[in-house]
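Chemist: My structure is below; once you've seen it, I'll send some questions.
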Amino acid sequence: MAYDRALISSILRQMEHRHDQYEAEAESRRYQLTAAIPRLGEIDRELRSTAAKAMRIAFESNNTAAEIETLKQKNLALQAEKQTLLRQNGYPADYLVVAMDCPVCRDTGYHGSKLCDCVKRQAAEIQKKNLSSLLPVERETFETFRLDYYGTQPDSRFGIAPREMARFNFQKCMQFAEQFGSSYENLLLYGSAGLGKTFLSSCIARRVTERGFSVTYDTAISIFDQYNSVKFKSGDVSAATQALDRFHSADLLIVDDLGTEMPNAFHTSCLYDLLNRRLMRRLPTILSTNLLPDELEGRYSAAIASRILGEFTQLRFIGEDIRKIRKKQRL
C-alpha cells in the first residue's frame with residue numbers, strides 16, 4: 001500500500017505530540033504524589049537501580065540467569081508495592097503510568113519496521129474525509145445504488161436493456177472494490193452524462209479507502225492544472241508537486257471527466273505520463289469519460305488509446321439521464 005508521505009508525517013507528528021503531552025501529565029502526577037507519599041519516590045529510585053544492575057550483570061557476571069531472576073523478582077515486588085500504595089491512597093494502580101493511545105506500537109507509529117495499523121486506520125479516516133469534500137462518499141454507496149433508474153426495455157443499438165447493463169457494471173465495480181489489492185485491474189467507465197459513472201466511482205473510493213488503501217480522486221482538468229503548475233512554475237508549485245506525487249503513487253487513482261479538458265498537446269503528454277507511470281508500477285486506475293473508446297485516439301494519441309483499450313476493462317453506461325429522471329419525480 002502507498003500512503004501519502006505528507007499525510008503519514010502529519011499523523012506521526014500528532015502522535016508524538018500527544019505522547020509528549022501524556023508524558024508531561026504523568027510526570028506532573030508523579031511529582032505531586034512523591035511529595036505527598038515519599039515512599040513512591042524511593043521505589044522509583046530503586047527500580048532505576050535494578051535496571052542499571054541488570055545491565056551491569058549482563059556484561060560482567062558469570063551467573064547471569066540467577067542474578068537476573070533475583071533482580072526480576074525484586075522489580076516485581078517493588079512494582080506491586082507501588083500499586084498497593086496508590087490504591088491505599090485512593091488512586092488507581094496505573095495512575096503514574098504514561099498513557100498511550102496504541103498499546104501495539106506504544107504511540108511510536110511503527111510495529112517493528114512497518115507502519116502500525118493505528119496509523120493506517122487514521123490515514124484511511126483522513127482520506128475518507130478528504131474524499132468527502134470531492135465525492136459524496138457518505139451518501140453514494142453500493143448499498144444506495146438504485147437499479148430502478150435504468151430502463152428494462154432492450155436498447156436497439158446494443159441488444160440489452162440499460163438495467164441489465166447497469167447491473168453488470170454494478171457487480172463489476174463491487175468486485176473490483178472487494179478484490180482490490182489481491183488482483184490488478186484498471187477500469188474505463190464511459191457513456192453519456194448522468195448515468196452513474198461518478199456514483200459508482202464514489203462507491204469504489206469509499207470501499208477501497210475503508211479497506212486501508214490510499215485513494216486519490218480528481219477531475220482530469222484539475223490533474224492537468226497541477227502538471228501545468230509544476231511544468232511552468234506557476235501558482236503553488238509545492239502543493240502541485242505533492243498532488244502529482246499522490247496521482248502517481250496512490251494505490252488507486254480515479255480520474256473523472258476525462259475529455260472535458262481543452263484538447264492540446266500538453267494535456268496529451270500529461271495523460272501519457274500519468275498512465276505510463278501507473279501502468280509501469282501496476283497501480284490500478286479508473287478513468288471516467290463521456291468519450292467512446294473509438295474517440296480516444298482522435299482526441300489524444302494512438303499510444304494513449306492503445307494503453308487504455310489494452311489495459312483497462314471497459315464498462316459502458318447506457319440509459320436515460322438519472323438527473324432528469326429525479327427532476328421529473330420531484331415535479
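Please treat every number below as a calculation from the coordinates, not as lab data. On a predicted model such as this, the values are computed, not experimentally measured, just so you know. Cβ placement follows ideal geometry from the backbone for every residue including glycine, while neighbour counts extend to all protein chains displayed.
Chemist: How would you rank 71, 200, going from fewest to most other Cβ atoms within 10 Å of each one's own Cβ?
Modeler: If I rank by nearby Cβ atoms, fewest first, I get 71, 200.
Chemist: At 20 °C and 1.002 mPa s, what whole-number value in µm²/s does Stokes-Einstein give for the translational diffusion of segment 104-256, with Rh from the Kirkwood sum over Cα pairs?
Modeler: Reported coefficient: 122 µm²/s.
Chemist: May I pose another question? Which trypsin sites (Lys or Arg not before Pro) in segment 128-198 sit in a loop by DSSP (not H, G, I, E or B) and have at most 12 other Cβ atoms within 10 Å of their own Cβ?
Modeler: 139, 146, 157
Chemist: Another one. Could you work out the equivalent-ellipsoid semi-axes for segment 20-114, taking the square root of 5 times each eigenvalue of the Cα gyration tensor, largest first, in whole Å?
Modeler: After diagonalising the Cα gyration tensor, the semi-axes are 26, 22, 12 Å.
Chemist: What length, rounded to one decimal in nm, is gained on full extension from residue 5 through to residue 316, with 0.36 nm per residue of separation minus their alpha-carbon distance?
Modeler: 108.4 nm
Chemist: Multiplying the sequence separation of residue 25 and residue 59 by 0.36 nm and subtracting their Cα-Cα distance, what value in nm do you get?
Modeler: The span from residue 25 to residue 59 would gain 8.7 nm if fully extended.
Chemist: Okay, next question. Which of the GluC sites (Glu not before Pro) found in segment 237-331 are loop residues per DSSP with 15 or fewer other Cβ atoms within 10 Å of their Cβ?
Modeler: Within segment 237-331, the qualifying GluC sites (Glu not before Pro) (loop, at most 15 other Cβ atoms within 10 Å) are 320.
Chemist: Within segment 20-114, what is the number of lysine pairs with alpha carbons under 28 Å apart, leaving out pairs fewer than eight places apart on the same chain?
Modeler: 5
Chemist: Using label points projected 7 Å from each Cα along Cα→Cβ, tell me how many nm separate residue 237 and residue 294, to one decimal.
Modeler: That separation, rounded to one decimal, is 4.6 nm.
Chemist: Then there's this: In terms of the Cα gyration tensor, with a ≥ b ≥ c the square roots of its eigenvalues, is segment 1-76 rounded because a/c is under 1.5, prolate because a/b exceeds b/c, or oblate?
Modeler: Because a/c hits 1.5 or more and a/b fails to exceed b/c, segment 1-76 counts as oblate.
Chemist: Next question, about the same structure. Any idea what angle helix 197-210 forms with the longest principal axis of the chain, computed on alpha-carbon atoms, 0 to 90 degrees, nearest 10?
Modeler: Helix 197-210 sits roughly 20 degrees off the main axis of the chain.
Chemist: Do the alpha carbons of any pairs in 128/197; 129/231; 197/328; 129/197 sit beyond 23 Å of each other, and which pairs?
Modeler: The pairs that break the limit, which is 23 Å between Cα atoms, are 129/231.
Chemist: Apply the Karplus parameterisation 6.51 cos²θ - 1.76 cosθ + 1.60, with θ equal to phi minus 60°, to every residue of segment 165-182 and state each ³J(HN,Hα) to the nearest whole Hz, in sequence, with x for glycine and proline.
Modeler: 5, 5, 4, 5, 4, 4, 5, 5, 5, 5, 4, 4, 5, 6, 9, 4, x, 9
Chemist: May I ask for the angle, rounded to the nearest 10°, between helix 117-132 and the longest principal axis of the chain, with both axes built from Cα atoms and the value confined to 0 to 90°?
Modeler: Approximately 40 degrees, to the nearest ten.
Chemist: So, one more: So for 221, 8, fewest C-beta neighbours within 10 Å to most, what's the order?
Modeler: Least to most surrounded, the residues fall as 221, 8.
Chemist: Given a cut-off of 15 Å, what percent of all Cα-Cα pairs of segment 68-142 lie beyond it?
Modeler: 73 percent
Chemist: What whole-number value in cubic angstrom gives the convex hull volume per residue for the C-alpha atoms of the chain?
Modeler: Value for the chain: 236 Å³ per residue.
Chemist: Tell me which chymotrypsin sites (Phe, Trp or Tyr not before Pro) from segment 183-283 have a DSSP coil assignment and no more than 12 other beta carbons within 10 Å of their own.
Modeler: Sites meeting the loop and neighbour criteria: 184.
Chemist: Still on this structure: Among 173, 105, which comes first, second and so on when ranked by fewest other beta-carbon atoms within 10 Å?
Modeler: 105, 173
Chemist: Another question, if that's okay. Expressed in nm to one decimal, what extension gain is obtained for the pair residue 277 and residue 48 from 0.36 nm per residue of sequence separation less their Cα-Cα distance?
Modeler: Contour length minus the Cα-Cα distance gives 77.0 nm.
Chemist: For each cysteine in the chain, check whether another cysteine's C-beta sits under 4.7 Å from its C-beta; list those where none does.
Modeler: Flagged as lacking a Cys partner: 173, 203, 270.
Chemist: Be a star and scan segment 287-331 for residues whose amide nitrogen sits under 14 Å from the point 7 Å along the Cα-to-Cβ vector of residue 158.
Modeler: 289-293, 314-322
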